[in-house]
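Structure first, commentary second.
The values are calculated or read from the model by the stated rules, or taken from the named source; none is laboratory data. What you see is a predicted model, and the numbers here were worked out from it, not measured in a lab. When we count neighbours, we look across all protein chains shown, and the Cβ atoms used for this are built from the backbone with ideal geometry, even at glycine.
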Amino acid sequence: MTVVCVLCDPPRPGLVLSDLVEGGPLTAEEAADLYAAMLKDTFVAVARSGGDLLVNYRPEDHLPEEYQATDDVDAEAEARALVADALDDPDDVRFEVQVGSSYAARAGNTATHLLREEGVDSVAVVRGTAPFLTRATIDSAAMKLRTTPVVLGPAPDGRVFYAAFTEPIDFADAFEAPEVATLAARGDEADLDVDFLPMQPVLRTPEDLDTVLPLLTARRDAGRIVPKQTAPLIAGLGLLD
């Protein structure tokens with residue numbers, strides 16, 4: 001069984017999806033709402049899969065000072081509220097604080113601890129910004145992990161939407177661009193076989209909208225499944241044809 005770790009920040013304006021604000025069509029508040037919607041869709045996909053959901057949140061003192069909470073709601077409380085809003089039964093969800101100064105360090109610390117200290121079979125790390133991640137994709141990755149120690153989900157521009165492991169790699173700077181090539185190389189350096197999932201888009205930059213928006217429109221018009229939280233929010237922002 002795979003423990004799927006969603007490494008997330010609290011959805012606060014200016015803190016998350018800043019590229020979609022600085023060079024894109026969204027306000028900081030809209031970007032925060034979009035990030036929260038994608039996180040909730042990710043939680044649902046993991047909860048419906050055969051994996052276990054672990055929400056790995058950044059603590060307040062690891063956030064930039066200008067984005068730290070000024071009231072009684074902290075990062076953990078916000079993460080728990082998102083899960084409670086997304087899932088009918090959130091009781092089995094595990095929450096853990098992130099440890100590390102970079103995404104690679106935080107992902108690596110989480111994956112290595114679970115594999116070495118807790119003895120889990122496999123670990124996946126995701127950012128929660130892949131709106132088309134589904135139960136079927138997570139379960140497909142789990143099947144591959146039975147015979148291949150590293151399974152990567154490529155995204156456009158050399159990124160990954162999913163990275164899963166049955167054994168630790170050297171995670172130092174392992175998510176340096178191009179992520180998919182760097183992670184594959186680290187697997188090879190550790191004498192671990194690497195396999196891949198079909199490519200999926202992520203949504204973190206204005207350029208990503210050029211892929212995500214037409215696909216959302218096409219799936220909607222064809223009567224296919226679209227992300228339950230993300231699709232209506234994007235439609236409400238007037239970004240869909």
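For this structure, a couple of remarks:
- Residue pairs whose Cβ atoms lie under 6 Å apart, sitting 6 or more positions apart in sequence or on different chains, and linking a residue in the stretch 30-46 that is closer than 15 Å to ILE225 by Cβ to a partner that is in a helix (DSSP H, G or I), are ASP41/THR230; VAL44/ALA86; ALA45/ARG135.
- Applying the criterion of being closer than 18 Å to ARG106 by Cβ and of a type in the set (Val, Ile, Thr) to the residues of the stretch 5-33, the residue that is surrounded by the most Cβ atoms within 10 Å (Cβ to Cβ) is VAL16.
- LEU215 meets all of the listed conditions (1) at pLDDT 95 or above; (2) aliphatic (A, V, I, L, M); (3) farther than 16 Å from LEU133 by Cβ; (4) over 18 Å from the mean Cα position of the chain (by Cα) but one, namely (3).
- Boolean, ASP33 is modelled with pLDDT of 95 or more, among the charged types (D, E, K, R) and either within 30 Å of HIS113 (Cβ to Cβ) or touching a strand residue (DSSP E or B) at 6+ places or on another chain (Cβ under 7 Å) (or both): no
- Among the residues of the stretch 206-230, those that are surrounded by 19 or more Cβ atoms within 10 Å (Cβ to Cβ) and either free of Cβ contacts under 8 Å to residues at least 24 places away in the same chain or not hydrophobic (A, V, I, L, M, F, W, C) (or both) comprise ASP208, VAL226, PRO227, GLN229, THR230.
- Among the candidates LEU203, LEU192, LEU213, residue that is part of a loop (DSSP other than H, G, I, E, B), over 15 Å from ARG159 (Cα atoms) and either of a type in the set (A, V, I, L, M, F, W, C) or in contact with a helix residue (DSSP H, G or I) (Cβ under 7 Å, 6 or more places away or on another chain) (or both): LEU192
- Positions within the stretch 142-156 being among the hydrophobic types (A, V, I, L, M, F, W, C) and in contact (Cβ under 8 Å) with a residue 40 or more places away in the chain, in sequence order: ALA142, LEU145, VAL150, VAL151, LEU152, ALA155
- The stretch 113-154: number of residues that are more than 30 Å from ASP210 (Cβ to Cβ) and buried (at least 17 other Cβ atoms within 10 Å of the Cβ): 9
- Lone unmet requirement of (1) part of a loop (DSSP other than H, G, I, E, B); (2) in contact (Cβ under 8 Å) with a residue 60 or more places away in the chain for ALA164: (1)
- Candidate set: the stretch 55-73, residues that are over 18 Å from ASN109 (Cβ atoms) and in contact (Cβ under 8 Å) with a residue 40 or more places away in the chain; chosen: the one surrounded by the most Cβ atoms within 10 Å (Cβ to Cβ): TYR67
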